[in-house]
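Please read the structure below before turning to the comments.
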Amino acid sequence: MMFIPCAIIPSFNHWQVLPKIIAEVRRLGLPVFVIDDGNTEPATSALAALAAPEAGVTVHRLDRNLGKGSAVIVGFRLATAGGFTHAVQLDADGQHDLAALPQLLAAAARYPEAVVSGAPVYDSSIPTGRKIGRWITHIWVFIETLSLRLTDTMCGFRVYPLAAVTALLARESVGRRMDFDIEIMVRLFWRGVPPIMVPVRVVYPPGNPSNFDLWRDNLRISLMHTRLVLTLLWRLPGILSHRPPLLKDWHNGEVPQASGHNEGCLPRPGENIR
C-alpha cells in the first residue's frame, strides 16, 4: 500500500505561528495545504503571503468562514486530487508539540489503514472549563464506540487515511465546525478503521485566543453526541460487525521511534510499504 502524506492546516484568524509550523512540516518533506477559512485582516494577508506552490505550500481561501470541519474537508479534497494517500491535520495556533509529528507519521506509515491521533498531555495552561468539557466528551465517546480505545477525540493533530475518509464522507454527514474532530473519529471507528493514539504535549499559548465558542460549540457537541447515541442504537448490529481490528504489536502502546527527519522512519514518497 502506498504512503504519500501531506499536511492540512485550517486557519481562522490564527497566523502568528503559522510560518514556524509550516517550516517544521516542510522540513519533514510534507507538502502543505493551508485552508484560509474566511479570515479577516491582518490574517488574510498574512496567509496569502505564505503561499509558495513551488516550495510545497498551497494556500486555499474560502470566501466566508465555514467552520473548522468544513475547512479540513476542503483540504481532504485538495489532498486527494493531488494524489496523496494520507493527510496530517494540524491546528494553526501552535498548541501541538510538533516534535511528535515524526512518531505520528511513522505509525501511519507502519499501519496505513489506521487513523493516527494525538493523545494530549496537558500542562497547567489548560483552562479548567475546557478540561472538564473534554472529560465529558471522553465518557460519551466511550459509550458511543462501546470501547475505551479512543482516549481523546478532540485533538486536532492526527493522520487520516484519505481513502477511508473519502468513503465515509460520501455516505455520511459529519459536523462541520468544532464537532468535526469528535464525530469523524467515532464514525471512522464504526466503519472499522483502527485508531492509534500517540502521546502529544499540548499547551495553550498566552495571548492566542481560541476559536471555540463556549455556548454555541458546546451546544453543537451536545447535539452531536445525542445524534451519535441514537445512531448507535439504530445501527448497533452493523456497527458491532465492523469493530476495528487490534493492530499487531500496538496493544502495548509501543510508538515507532523516528528521527527528527523522515529519513529512517518513513518510506520515500510513492514507495510501496507492504
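Taking the condition at pLDDT 75 or above and not β-branched (Val, Ile, Thr), does Leu214 pass?
Judged against the criteria, Leu214 is not a match.
Can you find, within the stretch 39-74, the residue that is farthest from Thr166 (Cα to Cα) among those that are surrounded by 18 or more Cβ atoms within 10 Å (Cβ to Cβ), touching a Pro at 6+ places or on another chain (Cβ under 6 Å) and not basic (Lys, Arg)?
Checked the stretch 39-74; the qualifying residue farthest from Thr166 (Cα to Cα) is Ala71.
Could we say that Ala52 is modelled with pLDDT of 95 or more and within 22 Å of Ala170 (Cβ to Cβ) here?
no
Select from the stretch 75-97 the residues that are more than 19 Å from Asn13 (Cβ to Cβ) and either crowded, with 19+ Cβ neighbours inside 10 Å or in contact with a strand residue (DSSP E or B) (Cβ under 8 Å, 6 or more places away or on another chain) (or both) and list them in ascending order.
Answer for the stretch 75-97, where residues must be more than 19 Å from Asn13 (Cβ to Cβ) and either crowded, with 19+ Cβ neighbours inside 10 Å or in contact with a strand residue (DSSP E or B) (Cβ under 8 Å, 6 or more places away or on another chain) (or both): Phe76, Leu78, Ala79, Gly82, Phe84, Thr85, His86, Ala87, Val88, Asp97.
Would you kindly identify the strands (runs of 3 or more DSSP E) lying entirely within the stretch 60-166 that contain at least 2 residues that are in contact (Cβ under 8 Å) with a residue 12 or more places away in the chain, at negative phi and aliphatic (A, V, I, L, M)?
Strands (runs of 3 or more DSSP E) meeting the threshold: 86-89, 115-122.
Could you count how many residues in the stretch 167-180 are surrounded by fewer than 22 Cβ atoms within 10 Å (Cβ to Cβ) and part of a helix (DSSP H, G or I)?
Of the residues in the stretch 167-180, 5 are surrounded by fewer than 22 Cβ atoms within 10 Å (Cβ to Cβ) and part of a helix (DSSP H, G or I).
How many residues, within the stretch 224-243, are in a loop (DSSP other than H, G, I, E, B), more than 25 Å from the chain's Cα centre (by Cα) and either surrounded by 11 or more Cβ atoms within 10 Å (Cβ to Cβ) or in contact (Cβ under 8 Å) with a residue 40 or more places away in the chain (or both)?
1
Out of (1) touching a Pro at 6+ places or on another chain (Cβ under 9 Å); (2) surrounded by 15 or more Cβ atoms within 10 Å (Cβ to Cβ), the odd one out for Ile9 is which?
(1)
The values are calculated or read from the model by the stated rules, or taken from the named source; none is laboratory data. Everything numeric here is computed off the predicted structure, so don't read it as measured data. Cβ sites come from the backbone with ideal geometry, for glycine too, and all protein chains shown count toward neighbours.
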